[in-house]
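Here's the structure we're looking at; comments come further down.
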């Protein structure tokens, strides 16, 4: 790997981490600000009051964001595997130069993912 490829791979990995963690961080920040505002308006000075709503909000957002987070993580993994194998660039290319190997995102006739499986020379 050359220097620019390493930098591109690191940039892509950092961007994926930011995208995966953003929903949870945003939810925690919004709930924290709302609870702090509520505490300031009602003059309730309970230090532990902020933790329960933040934990509940983070858990609920985690349940809703889990499919997105898993998909983004899987796509990043497949890009890295394809790049390490030397069959693709770091872009979102779904096929390697050999037309019979399908990487991430493509589906076969049955709708199952072909993540790295050989499909017998048939295009999908």
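The values are calculated or read from the model by the stated rules, or taken from the named source; none is laboratory data. Being a predicted model, the structure only gives us computed values, none of them experimental. Positions of Cβ are backbone-derived with ideal geometry, glycine not excepted, and every protein chain shown enters the neighbour counts.
What number of residues in segment 76-86 are more than 17 Å from residue 2 (Cβ to Cβ) and surrounded by fewer than 16 Cβ atoms within 10 Å (Cβ to Cβ)?
Going through segment 76-86 one residue at a time, the tally reaches 2.
Consider segment 1-33. How many of its residues are surrounded by 15 or more Cβ atoms within 10 Å (Cβ to Cβ) and over 27 Å from residue 61 (Cα atoms)? I'd like the intermediate steps shown before the answer.
To start, the set of residues in segment 1-33 that are surrounded by 15 or more Cβ atoms within 10 Å (Cβ to Cβ) comprises 8-9, 12, 16, 20, 23-24, 27-28, 31-32.
Narrowing the set further to residues that are over 27 Å from residue 61 (Cα atoms) leaves 8-9.
The number of residues fulfilling the criteria is 2.
Condition check: assigned by TED's automatic domain parsing to the domain that holds residue 16 and closer than 16 Å to residue 16 by Cβ. Does residue 66 satisfy that?
When the stated conditions are applied, residue 66 passes them.
Got at least one residue in segment 52-66 being assigned to a helix (DSSP H, G or I), under 10 Å from the mean Cα position of the chain (by Cα) and either touching a residue at least 24 places away in the same chain (Cβ under 8 Å) or surrounded by fewer than 13 Cβ atoms within 10 Å (Cβ to Cβ) (or both)?
yes
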